[in-house]
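Participant: My questions will all concern the structure given below.
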Amino acid sequence: MSRYFIFFFVFFSQLIITSPYALVGRVGHTASYMDNKIYFLGGFTEKYTQGTNDFFYLDVSKPFNLDSTLLPIVDLSNDARQIHPHYNGLSTICGPNKDTIFLICGVYRKSFTYRFTINNKEWVPGSSSIDFQWSSAVCNQNGSYIYIYGHDVNDDNKNMKNMMTIIDTTLRNPVLSDLNITNSLAPPILLPDGRIAYIGERINDLRVNFRNIYMYDTNDGTWGFMSTSGIEPSPRTSHTTVLTQDGLIIIYGGINNHNFPVPDQISVLDTKVNPFTWSIPNIDPAPSSAPFNGHTATLVENYMIIAFGYYRNTTHDAIFSDQIHMIDMSEENNYKWVKSFTPNNIYATKSENATKSPGVAHAVIIGGTTGGIATVIIIISVSYLLYRRKKTVIYAPQAKHAINC
């Protein structure tokens, strides 16, 4: 009897019982996709209006459904306590092995950078950048340089100075910091040929006009220009962009000059043709809870994963979203809002299982049955313990001074 007691004691002692991480509505966070995980950092919430250093990831290596109360989310906020609480920062995956998240935050006299390497699981502060308001950051194809673009802190838009700085990720300092740019450029996308395409040009009221595309070639350091064709998206700001594997740039969301959602929330720019051509895909109306501003968009296989941001309720109030939404873009020109996510590696696993010999199949059935019974016992025990615990919302500790990047 004592041996069985020791066995179960050791077995259950290996179980780590934790409360589920409760998502909190936020705006102005960053999202970085690396190693089958989308890492979310920062942003401001209703409780912490000056910014947070919350840090967590969504595991996209496994299937999930957005209606589930237990999404595959892991809280890493304890690993980010040294980061300034902030919002509207920039992040990009870069470095020689493309295994490092670089956080860049630039405001007058409060500029800072951090980097997080997936192997070390630690945020390391970098050198402060010059006093500029950075609006975009792009890593080149081999991970050696980050191209950050922004403008000086000046209330006079007419005399605003636009600039690009190039950071060497090995030396971790600027190698060229005086690329003056006459135009005020929109969010960028790195194309497969090494060119950075800035999707539109900001006009007088800082809304984006999408007819003209400026491009910086990271291969030879030259600028190019293209005038697009097709159905041009309406002017907007606060939208997001992603690039699909077949060369389509998708813009989603944005607000007009009255801070209301634009009517054409999603548009497609085909970069495989010359000139680049705009179109509007077929898609059902967005869910009422889908954000239009302050969100992030991340492409994972054929899914665009849209996280947090603002949405409007029935009385047109802007509400913090604590939800994740998804658009399935697997069918050309016919997109769908979906709730279920299934990564491609799941299908590969099913195919491998289907080719096993009968003997292996019987062993799998026996093992699966035994494991299933054990799993049921574990689930019942853990569920009972969780039931007795009070569910808590986890916030990362906040520093005294927060930063608007």
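Participant: Taking the Cβ of residue 222 as the centre, find all other residues whose Cβ is under 15 Å away and add up their charges (Lys, Arg: +1; Asp, Glu: -1).
Facilitator: -2
Participant: Would you please state which residues of segment 51-65 a label at residue 330 would reach in this model, taking the label point 7 Å out along Cα→Cβ and a backbone N cut-off of under 20 Å?
Facilitator: Of the residues in segment 51-65, 59-65 have backbone N under 20 Å from the label point off residue 330.
Participant: Say R0 is 51 Å: what FRET efficiency, to the nearest 0.05, do residue 98 and residue 315 get from their beta-carbon distance?
Facilitator: Details: r = 45 Å, r/R0 = 0.88.
That gives a FRET efficiency of 0.70.
Participant: Follow-up question, since we're still on this one. With a sphere of radius 15 Å drawn around the Cβ of residue 40, what net charge do the other residues whose Cβ falls strictly inside it have (Lys, Arg +1; Asp, Glu -1)?
Facilitator: That works out to -4.
Participant: Report the net charge of residues surrounding residue 276, where surrounding means a beta-carbon distance below 15 angstrom and charges are Lys +1, Arg +1, Asp -1, Glu -1.
Facilitator: -2
Participant: Also, quick follow-up: Taking the Kirkwood radius as the inverse of the mean 1/r across Cα pairs, report the Rg/Rh of segment 229-290.
Facilitator: Taking Rg over the Kirkwood Rh, I get 0.98.
Participant: Now for a separate question. Looking at this model, which pairs from 37/62; 98/121; 272/339; 62/339; 37/98; 37/339 are more than 21 angstrom apart at the alpha-carbon?
Facilitator: 272/339
Participant: So, one more: When ranked by the protection proxy of mean other Cβ atoms within 10 Å per residue, highest first, what sequence do the peptides 216-228, 280-292 form?
Facilitator: Working: 216-228: 13.5, 280-292: 15.7.
Result, highest mean first: 280-292, 216-228.
Participant: Starting from the Cα-Cα distance between residue 168 and residue 82, subtract it from 0.36 nm times their residue separation and give me the gain in nm to one decimal.
Facilitator: 28.6 nm
Participant: Note down the nm distance, to one decimal, between modelled labels 7 Å out along Cα→Cβ at residue 209 and at residue 279.
Facilitator: Result: 2.6 nm between the two label points.
Participant: Once both labels are modelled 7 Å past Cα along the beta-carbon direction, what's the residue 302-residue 339 spacing in nm?
Facilitator: Between residue 302 and residue 339, the label points sit 2.1 nm apart.
Values in this text are rule-based calculations from the coordinates and carry no lab data. No experiment lies behind these values; they were computed from the predicted model shown. Note: ideal-geometry Cβ built from the backbone for every residue, glycine included; neighbour counts use all protein chains shown.
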